[in-house]
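Asker: One structure coming up, written as structure tokens, with questions to follow.
Since every read-out is calculated from the coordinates, none of them should be taken as a lab result. Values in this document were obtained by computation on a predicted structure and should not be read as measured data. Neighbour counts are summed over all protein chains in view; Cβ atoms, including those assigned to glycine, are modelled from backbone coordinates with ideal geometry.
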Amino acid sequence: MSVSESNGIVPESPCESDSPILELKGISKQFGSNQVLDNVDLTIKPGEAVALIGPSGTGKSTILRIIAGLLAADQGDIFVAGQQRQGLIEDAKDPVNIGMVFQQAALFDSLTVQENVGFSLYQNSNLSDSEIGQLTREALEMVGLPNICDRYPAELSGGMRKRVSFARAVITNPRESQDKPTVLLYDEPTAGLDPIASTVIEDLIRNIHGNRGCSTYVIVTHQDSTIRRTADRVVMLHKGTIQWMGPVDQIDHTPNPYMRQFFSAAIEGPIGITN
């Protein structure tokens, strides 16, 4: 699900292009009478770490699924590395690899950790079982979980399951093209974790992508510490539209009323009270 390298992990070679790796133009999405996204424009450059924030139900996870090619927009266009996507990811491959880490880890309970991490390789490659085993061990070591290949998800803590899902997202087939940058999408990666486990995950996200050039990621989160510790740029969504975007070091200084209410947790303000 990510960029190929000799060891099957995200490569560390820098990306030389400053052209956008992702472009959303006029993206709209409606579910029944609920307008979830309304004419959203968003550009992300290689190497950026972008946090999508805002109250629940405002379209953040929907944007992730549209970027991942798992959900089609009703209107608008999406460009991946300059190439317009036609249909969903199952219809045609993108010019770069996009992986997604789901909020609930989305592991198969009946499969071992090794089978979960190497699932895409078992299903879609000609690699031998021993080769996939080696790649999964390397991916698990990278996320700080050596020697757990034979365990099952039920035997792991919530934080460990999150890290296993990270390993699954970064593993790749080393026989495939090695010149594609990676985009990883994180949907609430620290949701439901205690502060210490959250810090472990936040550090891991930065470690996976640190000094890796083209390794771009977009993270949906509500947690203040996750926003500040993992993001370079913040995009605030409310009622399907972007209300503010800027560098993370400006979130305490902007006069934007949406940002001020969100970070102060004030009841009164333009966001209102959501259930």
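Asker: Residue by residue through the stretch 30-47, which ³J(HN,Hα) values in whole Hz follow from phi under the Karplus form 6.51 cos²θ - 1.76 cosθ + 1.60 (θ = phi - 60°), with glycine and proline marked x?
Answerer: For the stretch 30-47, the Karplus-derived couplings read 10, 10, x, 8, 8, 7, 7, 10, 9, 6, 8, 10, 8, 10, 10, 9, x, x Hz, x marking Gly and Pro.
Asker: Between Val96, Val113, Val200, find the one with the highest GNM mean-square fluctuation for the chain; connect C-alpha pairs within less than 10 Å.
Answerer: Most flexible of the set in this elastic network: Val200.
Asker: Enumerate the whole-percent occupancy of each 5 Å bin, from 0 to the last occupied one, for all C-alpha pair distances of the stretch 51-183.
Answerer: 2, 10, 17, 19, 18, 16, 12, 6, 2, 0
Asker: Also, quick follow-up: Stretched out fully, how many nm does the piece from Asp41 to Thr254 gain, at 0.36 nm a residue minus the Cα gap?
Answerer: Working: separation 213, 0.36 × 213 = 76.68 nm, distance 2.09 nm.
Extending this stretch completely gives an extra 74.6 nm.
Asker: Using amide H atoms built in the peptide plane, which far-off residues or other-chain residues are under 5 Å from Leu237 H to H?
Answerer: Hits under the 5 Å cutoff: Ile53, Gly54, Gln243.
Asker: Which one, Ile66, Ala197, Leu37, projects farthest toward the positive side of the charge dipole computed for the stretch 22-264 from Cβ point charges (K/R +1, D/E -1)?
Answerer: It is Leu37, whose Cα lies furthest towards the positive end.
Asker: Can you tell me the alpha carbon radius of gyration of the stretch 228-275 divided by the globular rule-of-thumb value 2.2 N^0.38 Å? Display every interim value, and only then the final one.
Answerer: Working: Rg = 10.8 Å, N = 48, 2.2 N^0.38 = 9.6 Å.
In units of the globular-protein estimate, the stretch 228-275 measures up at 1.13.
Asker: With the Cα gyration tensor of the chain in hand, give its eigenvalues times 5 under a square root as the equivalent ellipsoid semi-axes, listed largest first in whole angstrom. Provide the component values of the computation, followed by the final result.
Answerer: On the way: eigenvalues 189, 94, 61 Å².
Ellipsoid half-lengths, sorted descending, are 31, 22, 17 Å.
Asker: What is the Cα convex hull volume of the stretch 61-135 when expressed per residue in Å³? Walk me through the intermediate numbers first.
Answerer: Numbers: hull volume 8.9 nm³, N = 75.
Considering the Cα atoms of the stretch 61-135, their hull volume per residue is 119 Å³.
Asker: Amide H neighbours of Gly99 under 5 Å, at least 5 residues apart or on other chains, H built in the peptide plane: list them.
Answerer: Distant-sequence amide H within range of Gly99: Val183, Leu184, Leu185.
Asker: Could the peptides 189-195, 250-256, 157-163, 47-53 be put in order, highest first, of the mean number of other beta-carbon atoms found within 10 Å of their residues? Display every interim value, and only then the final one.
Answerer: On the way: 189-195: 17.3, 250-256: 13.4, 157-163: 19.4, 47-53: 21.9.
The peptides rank, most packed first, as 47-53, 157-163, 189-195, 250-256.
Asker: Between Ser157 and Glu268, what is the label-point separation in nm under the 7 Å Cα-to-beta-carbon projection?
Answerer: 4.2
Asker: Now for a separate question. Restricting to lysines 8 or more places apart or on different chains, can you count the pairs in the chain with Cα atoms under 22 Å from each other?
Answerer: For the chain, the number of qualifying lysine pairs is 12.
Asker: If you don't mind, there's one more thing I want to ask. Using Cα pairs under 8 angstrom and six or more residues apart, how large is the relative contact order of the chain, in percent?
Answerer: Numbers: 563 pairs, mean separation 76.8, N = 275.
In percent, rounded to a whole number, it is 28.
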